[in-house]
Amino acid sequence: MMNSWRNIVNYPLGDRSAKPRDKGLTMVIDKGLGLRELRDLLDVAGPYLDLLKLGFGTSLLYPESLLKAKIELCRTYNVKIYPGGTLMEIALQQNHYEAYLAQAQKLGFETIEISDGTISLTPALRQACLKQAVQAGFTVLTELGKKNPQEVLSPEYLGKQSRKDLANGAWKVLMEARDSGKGIGIYDQQGQIQEEKLEHLLKGLPDHAQIIWEAPLKNQQVSLIQRLGSEVNLGNIQPHDLLALEALRTGLRNDTLPKSFKDRN
């Protein structure tokens, strides 16, 4: 992408990998963007957007023509668009999982999320759902974590299950934080990272390039970039924060801008 400033100013934290990329992914949560809003977002920040999640079960609320138009628009900009895991959980609960996959393909989705944030999946059923989606040709994201703050999964379980999911064909594993980022997963009730929990989790996880950390709040994004680098995968970003996050990743904001430099004189 041509930029009028790049022959004068370089990114303080260095250049980012270009799309299609396998790390440094940014996933935006779409809770009801209109087609014109989405086009504007992609025109402004398409190179920095890798995945668009149609949050919760909102896919069911779109007119089919509009849903297909959003899917096609994302494909034009090389963005993986997919329905949120809650819709998959509902379809599975209603014994319509195979039909759900077939309809997703018919609509034009190429990426699917498999989760059990609300329902409970046995290990065998989780594996079967994952393998069936992979065999159907989908790029599959799995999500780990519960939406109920009272249901806390241990770092040992999260590490073990993430490795299983990847071995069974998942492309990436999402770490649940909902769209609030508070009191869920690695975050406390104020949205701060629980450092001891994160450290324990990192020890049991596969290469963190295979993990997408849901991090809807700026302080979470800053902390994860500082700890894991600019190419950390981040998700549940609000649409209006997409460009601001890319500025954090490249050192174009005070929060991640290196504070010292060598005297050139």
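The values are calculated or read from the model by the stated rules, or taken from the named source; none is laboratory data. Note that the structure is a prediction, hence the values are computed from the model and not measured. As a convention, Cβ positions derive from the backbone with ideal geometry for all residues, glycine included, and neighbour counts pool all protein chains shown.
Here are a few things to note about the model shown:
- So Ser59, is it closer than 20 Å to Ile212 by Cβ, of a type in the set (S, T, N, Q), in contact (Cβ under 8 Å) with a residue 24 or more places away in the chain and in contact with an Asp or Glu (Cβ under 7 Å, 6 or more places away or on another chain): no
- Residue within the range 25-33 that is of a type in the set (S, T, N, Q) and surrounded by fewer than 17 Cβ atoms within 10 Å (Cβ to Cβ) present: no
- The sole residue among Ala244, Ala209 that is under 24 Å from Ala18 (Cβ atoms), of a type outside the set (S, T, N, Q) and at pLDDT 95 or above is Ala244.
- Scanning the range 57-77 for residues that are of a type in the set (A, V, I, L, M, F, W, C) and buried (at least 20 other Cβ atoms within 10 Å of the Cβ) yields Leu67, Ile71, Cys74.
- Lys172 out of contact with any strand residue (DSSP E or B) (no Cβ under 7 Å at 6 or more places or on another chain) and either within 25 Å of Pro12 (Cα to Cα) or of a type outside the set (A, V, I, L, M) (or both): no
- Residue that is within 18 Å of the chain's Cα centre (by Cα) and over 30 Å from Asp15 (Cβ atoms), where the choices are Ser65, Ser59: Ser59
- Selection status of Leu234, in contact with a helix residue (DSSP H, G or I) (Cβ under 9 Å, 6 or more places away or on another chain), part of a helix (DSSP H, G or I), in contact (Cβ under 8 Å) with a residue 24 or more places away in the chain and of a type outside the set (Ser, Thr, Tyr): no
- Leu217 under 23 Å from Asp15 (Cβ atoms), of a type outside the set (S, T, N, Q), touching a residue at least 24 places away in the same chain (Cβ under 8 Å) and surrounded by 17 or more Cβ atoms within 10 Å (Cβ to Cβ): no
Conditions (1) within 30 Å of Gln132 (Cβ to Cβ); (2) within 16 Å of the chain's Cα centre (by Cα), marked per residue:
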residue: Ala177; (1), (2): yes, yes
residue: Gly181; (1), (2): no, yes
residue: Leu205; (1), (2): yes, no
residue: Asn233; (1), (2): yes, yes
residue: Pro239; (1), (2): no, yes
residue: Leu248; (1), (2): no, no
residue: Thr256; (1), (2): no, no
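- Members of the range 237-252 found to be in a loop (DSSP other than H, G, I, E, B) and closer than 21 Å to Gly55 by Cα, listed by number: Gln238
- Some residue of the range 153-168 being over 13 Å from the mean Cα position of the chain (by Cα), aliphatic (A, V, I, L, M) and closer than 21 Å to Arg21 by Cα: yes
- Glu113 vs. criteria more than 21 Å from the chain's Cα centre (by Cα), touching a residue at least 24 places away in the same chain (Cβ under 8 Å) and either farther than 18 Å from Leu141 by Cβ or not in a helix (DSSP H, G or I) (or both): no
- Lone unmet requirement of (1) closer than 20 Å to Glu214 by Cβ; (2) part of a loop (DSSP other than H, G, I, E, B) for Leu87: (2)
- Among (1) free of Cβ contacts under 8 Å to residues at least 60 places away in the same chain; (2) within 20 Å of Gly84 (Cβ to Cβ), the one test that Pro206 misses: (2)
- Positions within the range 97-115 being surrounded by 15 or more Cβ atoms within 10 Å (Cβ to Cβ), out of contact with any Leu (no Cβ under 9 Å at 6 or more places or on another chain) and not hydrophobic (A, V, I, L, M, F, W, C), in sequence order: Tyr97, Glu110
- Every pair of residues 6+ apart whose Cβ atoms lie under 7 Å, when the first sits in the range 30-52 and is on the phi > 0 side of the Ramachandran plot while the second is not in a loop (DSSP other than H, G, I, E, B): Gly32/Thr58
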